[in-house]
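Every read-out reported here was derived from the displayed coordinates using simple, explicitly stated rules and does not represent laboratory data. Here the structure is a predicted model, which means the values were calculated and not measured. Note that we place each Cβ from the backbone using ideal geometry, even for glycine, and neighbour counts take in every protein chain shown.
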Amino acid sequence: MRIDGLSLDFFRNYVHLDAAFDPNINVIYGDNAQGKTNLLEAVAYLSGVSHRARYDRELIQFGVDHAFLKGHVFARERDFLLEAELHRGARRVLRSNGVKLKNGGELSGIFQSVLFCPEDLYLIREGAAARRGFLDDCICQLRPRYAQALAEYKRLHEHKIRILRDSEEKPSLLDALDEFSMSMAKAGALLIHYRAHFIKRLCQAAPAIHGDFSGGRERLTLRYETVSTVTDPEAGPQVIFQQLLQHQEEHRAAEIASRQCLSGPHKDDLLVEIDEKAAKSYASQGQTRTAALSLKLAAREIFQQDTGEYPVLLLDDVLSELDPRRQEFVLNRIRGGQVFITCCEDDRLPQLLGGRIFHVKNGTVR
């Protein structure tokens, strides 16, 4: 799997870009705030994910009303032309080989990427939302049905919060509460089911990577924490659905009193332990970085197992944050597949890695 060429118009700080990439290593260097991360974000967007923007309008250059992305992709032994049109005040338009797509999940079904960015090195220390985001980004690319359920759950969750928040002034809103809770339980059951099975695979891949990373001195373990009434997160969605309904019924009065949505997979967490101690609380800075990198590299392996191809790997200024031993480990683990690495001008990566080298300056690439 690879992206051979990328065209951008009015995307972030790029007025226009046409670039052709190496099928193996692409090193993108330059000073800070010149557009290196924006280039990686554009590649990731064509795989159906954006790690920085909550809304598409944030991707459109200031002063214009639209942006365009076009990627020439090779995946599943086929060539694809993936296109995205972003408009202020209107829905985006996605196409594959000229055929209009329904959503980003269909992009993910064609082209996948795994991104490391500096914030990910602290994935272990952050709150549960960061680890849920990691799970969601991975599973959405592998399972289009999960992406649909996640979008539906988020929509229902926002509506339910509004009902609870405004119910004191408008008690009649509570008449719709049970209907929203039931719909949330249906979508939430799918989320829990898919998350449990993905975490099971992470548990098989990540500890071995972490063990290699630490020279066999540390043991990484992962555990899924979800709604307490769900006795087996790997069970079928219908079983989980009934258990979620039970939990919501038990917390109905408390939700109305607190005007908060207390029950559901929006509170899930991926618990990470190193040598049987909670990494969030007890791991050193080096250990947290090693654990986070192990999760990302494990996700890359799962993608390869599912699709038969490595996803495109995007390393956004991550290696500069690592000590030389960890840098060497990462560089040795990323052989195979297409890789994009950003770095500053004084880095030695271009000389070390070879491949195609790009210099980014003020939204232009050379």
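Axis of helix 285-307 versus longest Cα principal axis of the chain: the two differ by about 90°, to the nearest ten degrees. Beta bridges from DSSP with both residues in the chain: antiparallel share about 70 percent, rounded to the nearest 5.
Only helices enter this figure: runs of n ≥ 4 DSSP H residues, each worth -39500 (n - 2.57), summed and divided by the residues of the chain, yield -13500 deg cm²/dmol at 222 nm to the nearest 500. Counting 0.36 nm for each residue step from residue 259 to residue 242 and taking away their Cα separation leaves a gain of 3.8 nm. Once both labels are positioned 7 Å from their Cα atoms along Cα-to-Cβ, the gap between residue 20 and residue 161 label points is 4.7 nm. Inter-part distance, the range 99-169 to the range 33-54, computed on C-alpha centroids, equals 16 Å. Computed from backbone phi, the HN-Hα couplings of the range 64-69 come to 10, 9, 7, 9, 10, 10 Hz, rounded to whole numbers (Karplus: 6.51 cos²θ - 1.76 cosθ + 1.60, θ = phi - 60°; Gly and Pro given as x). With R₀ fixed at 45 Å, the C-beta to C-beta distance from residue 4 to residue 200 puts the FRET efficiency at about 0.85. Length gained on full extension, residue 169 to residue 212: 9.7 nm, using 0.36 nm per residue less the C-alpha separation. Specify whether the C-alpha gyration tensor of the range 126-310 places it in the rounded, prolate or oblate class, a ≥ b ≥ c being the square roots of the eigenvalues: rounded for a/c under 1.5, otherwise prolate if a/b is larger than b/c and oblate if not. Note, shape of the range 126-310 comes out prolate.
So what's the angle, to the nearest 10 degrees on a 0 to 90 scale, between helix 144-166 and the longest Cα principal axis of the chain? Tilt relative to the chain: about 50 degrees.
How would the chain be classified by its alpha-carbon gyration tensor: rounded, prolate or oblate, with rounded meaning a/c under 1.5 and the a/b versus b/c comparison settling the rest? Oblate shape, in that a/c is at least 1.5 and b/c is the bigger or equal ratio.
Phi angles of the range 182-197 translate, via the Karplus equation with coefficients 6.51, -1.76, 1.60 and θ = phi - 60°, into HN-Hα couplings of 5, 5, 5, 5, 5, 5, x, 4, 5, 4, 5, 4, 5, 4, 4, 6 Hz per residue; Gly and Pro are given as x. With a threshold of 28 Å on the Cα-Cα distance, the over-threshold entries among 100/160; 100/296; 102/154; 154/296 are 100/160; 100/296. Here residue 36 is the anchor, and the lysines within straight C-alpha reach of less than 17 Å, apart from those fewer than 8 places off in the same chain, are 361.
Look at 79, 22, 136 and count the other Cβ atoms within 10 Å of each Cβ; fewest to most, that gives 79, 22, 136. Karplus-derived 3J(HN,Hα) values for the range 170-179, using 6.51 cos²θ - 1.76 cosθ + 1.60 with θ = phi - 60°, are 10, x, 5, 4, 5, 4, 9, 4, 5, 5 Hz; glycine and proline are entered as x. The distance linking the range 173-233 with the range 1-16 is 35 Å (Cα centroid to Cα centroid, whole angstrom). For a paramagnetic label modelled on residue 31 (point 7 Å from Cα along Cα→Cβ), amide N atoms under 19 Å away belong, within the range 315-337, to 317. If a/c stays under 1.5 just call it rounded; otherwise compare a/b with b/c (prolate if a/b is bigger, oblate if not). Do that for the range 55-148, with a ≥ b ≥ c from the square roots of the Cα gyration tensor eigenvalues. Note, shape of the range 55-148 comes out oblate. Using the Cβ-Cβ distance between residue 282 and residue 231 with R0 = 35 Å, the FRET efficiency computed as 1/(1 + (r/R0)^6) comes to roughly 0.75.
Between residue 364 and residue 88, the simple label model (points 7 Å from Cα in the Cβ direction) yields a spacing of 2.6 nm. Simple spin-label estimate for residue 176 and residue 249 gives 2.4 nm between the two label positions (7 Å along the Cα-to-Cβ direction from each Cα). Descending by average beta-carbon neighbour count within 10 Å, the peptides 56-65, 272-281, 107-116 line up as 107-116, 272-281, 56-65, the highest first.
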